[in-house]
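**Q** Structure in structure tokens, see below.
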Amino acid sequence: MKKIQLLYFLILISCGVINAQQLNVDSLLVETINNVKKGRYSQAKQQAYQALRETPDYVDFKLFLGRSHQMTKQPDSARYYYKQVIEQTPNYKDAYKFWSSLEIDEKRYQKSDSVLNLAIQEFPEDVSFYVQKNEVNHHLLSTQEQLEFLKNTRKTFPDNSQIAQQYYLLASQIKTDRLGVLYTYTAIDREAIGPWHLGTFQYVRERTWGSLIANINYNQRRSNGNLQIEGAQLDLQSYFFTSQSDYSFLALAYSKDEIFPKLQARYSFYHNFNKGWEAELGARYTQTRTEDLYALVMGGSKYLGSFWINLRSFSTYQDASLYPVLAFRTRYYRNTRFDYWEASLGYGTSPDNTFVQNQIGERLSLESYNFGVAYQHLFLKKLLLGAKVYYNNLEYRKNKKQQEYSFFIQMSYLL
């Protein structure tokens, strides 16, 4: 009987030692993770090596040992442990994330692509791996191949803002040439005012670096059926990429005719953040026949699946006063960047308003409210057609308002 009691006592002691040992290893893992988070990589390595001597199959220590080597610029050691983790536990998500980021940092894009392909096979519903793969594709694939990948990814994640943002940014870098004709008819409900006509011949050249847009504008205003004023303007615009996430807009316009400003200069810088956000900061300069006008532009955009939402503000300086303008737009994209519905809502007259450019100085201090709806579609991959209806309620004099109705049509052909 005493022998049995002694044996039972020894078993209890040994179980307690094993449990205490396991508890110590688990506690050590918490300390290791904490040291990695705080950048104490030498301590994290020592703790991980110590734990692996006692429990050589503990994958968590291998993962954070690999991470510590990665953060201390020891890529070969980091790869060794990441590979062990994935071989031992193929569904360990963080191992793929750390390993692929390591290869991107080391500019080993082919290897990173291989790791990400394994990750997507294991986690087909995790969009972060697709976002990382798109970053790698930039170094391995042609622009058209990258676009095809994003197009297929959008089908898998139709509501993801970041994928939509990357798709439309890249689509604007595809090589295209377009010739187009644009026309706007404006009717005004005041006696002896209008109609107004604005026509544009347009050429658009898009390349991987950005785009060049040349517009020849012709403006004509009539009163009681008689020609009141007319003229032409040359307008050159360009969007150009400065990095994967940044691009700029620059435009210069000149006219010798009074119906247009003499000179216009416009610039905006755009930065794309993660999760579909974009910010704009820019300036506008308008030289009319009588004054010089300066404006500050600030804006922000957000992709929400197939929707694009944009809010911009203009602050124009005139006669020691600032006049604010707010402009809101939203688009619903269907198949390509050329296919969308658009709605707009605004307050004030902005220096970007093409309908009333020569009246910008007079209209700045006048209250106006406007809204519009537009539709654009690409037919047979060649013919781009668009239409817009625009309404503006303008207080042209105190307690006196006029209603302006503009109808816009566009036809462009992809060469």
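**Q** Limited to the stretch 264-291, what total is found for residues that are farther than 16 Å from Gln359 by Cβ and either in a strand (DSSP E or B) or not polar (S, T, N, Q) (or both)?
**A** In the first step, residues of the stretch 264-291 are kept if they are farther than 16 Å from Gln359 by Cβ; the result is 265-283, 285.
Of the ones still in play, those that are also either in a strand (DSSP E or B) or not polar (S, T, N, Q) (or both) are 265-273, 275-283, 285.
Matching residues across the stretch 264-291 total 19.
**Q** Return yes or no: is Gly346 touching a strand residue (DSSP E or B) at 6+ places or on another chain (Cβ under 8 Å), free of Cβ contacts under 8 Å to residues at least 60 places away in the same chain, buried (at least 19 other Cβ atoms within 10 Å of the Cβ) and part of a strand (DSSP E or B)? Let's see the steps before the verdict.
**A** Numbers: touching a strand residue (DSSP E or B) at 6+ places or on another chain (Cβ under 8 Å): yes; free of Cβ contacts under 8 Å to residues at least 60 places away in the same chain: yes; buried (at least 19 other Cβ atoms within 10 Å of the Cβ): yes; part of a strand (DSSP E or B): yes.
In short, yes.
**Q** OK, next. Name, by its number, the condition in (1) touching a residue at least 60 places away in the same chain (Cβ under 8 Å); (2) out of contact with any Pro (no Cβ under 7 Å at 6 or more places or on another chain); (3) outside any loop (DSSP other than H, G, I, E, B); (4) not aromatic (Phe, Trp, Tyr) that does not hold for Leu311.
**A** (1)
**Q** For the stretch 356-405: of the residues being of a type in the set (Gly, Ala, Ser) and farther than 27 Å from Asp292 by Cα, which is surrounded by the fewest Cβ atoms within 10 Å (Cβ to Cβ)?
**A** Here is the first cut: in the stretch 356-405, the residues of a type in the set (Gly, Ala, Ser) are 361, 365, 368, 372, 374, 386-387.
This time we only want the ones that are farther than 27 Å from Asp292 by Cα, so: 372, 374, 386-387.
Values: Gly372: 17, Ala374: 18, Gly386: 19, Ala387: 14.
Among those that are of a type in the set (Gly, Ala, Ser) and farther than 27 Å from Asp292 by Cα, it is Ala387.
**Q** From the residues in the stretch 317-339 that are among the basic types (Lys, Arg) and without any contact (Cβ under 8 Å) to a residue 60 or more places away in the chain, which one is surrounded by the most Cβ atoms within 10 Å (Cβ to Cβ)? I'd like the intermediate steps shown before the answer.
**A** Applying the first criterion (among the basic types (Lys, Arg)) to the stretch 317-339 yields 329, 331, 334, 337.
Filter again for without any contact (Cβ under 8 Å) to a residue 60 or more places away in the chain, leaving 329, 331, 334.
Working: Arg329: 18, Arg331: 22, Arg334: 14.
In this case the residue turns out to be Arg331.
**Q** Which residue out of Asn215, Asn219 is touching a Gly at 6+ places or on another chain (Cβ under 9 Å), part of a strand (DSSP E or B) and closer than 24 Å to Tyr413 by Cβ?
**A** Working: Asn215 fails: touching a Gly at 6+ places or on another chain (Cβ under 9 Å).
After ruling out the rest, the residue left standing is Asn219.
Residues are listed down the side, and each one gets a yes or a no for (1) assigned to a helix (DSSP H, G or I); (2) within 20 Å of Ile104 (Cβ to Cβ):
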| position | (1), (2) |
| --- | --- |
| Val25 | yes, no |
| Ile33 | yes, no |
| Ala48 | yes, no |
| Leu52 | yes, no |
| Asp60 | yes, no |
| Asp76 | yes, yes |
| Val85 | yes, yes |
| Asn91 | no, no |
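**Q** Report whether or not Gln43 is assigned to a helix (DSSP H, G or I), out of contact with any Leu (no Cβ under 9 Å at 6 or more places or on another chain), at pLDDT 85 or above and of a type in the set (S, T, N, Q). Let's see the steps before the verdict.
**A** Details: assigned to a helix (DSSP H, G or I): yes; out of contact with any Leu (no Cβ under 9 Å at 6 or more places or on another chain): yes; at pLDDT 85 or above: yes; of a type in the set (S, T, N, Q): yes.
So Gln43 fits the description; yes.
The values are calculated or read from the model by the stated rules, or taken from the named source; none is laboratory data. What you see is a predicted model; the values in this text were computed from it and never measured. Cβ sites come from the backbone with ideal geometry, for glycine too, and all protein chains shown count toward neighbours.
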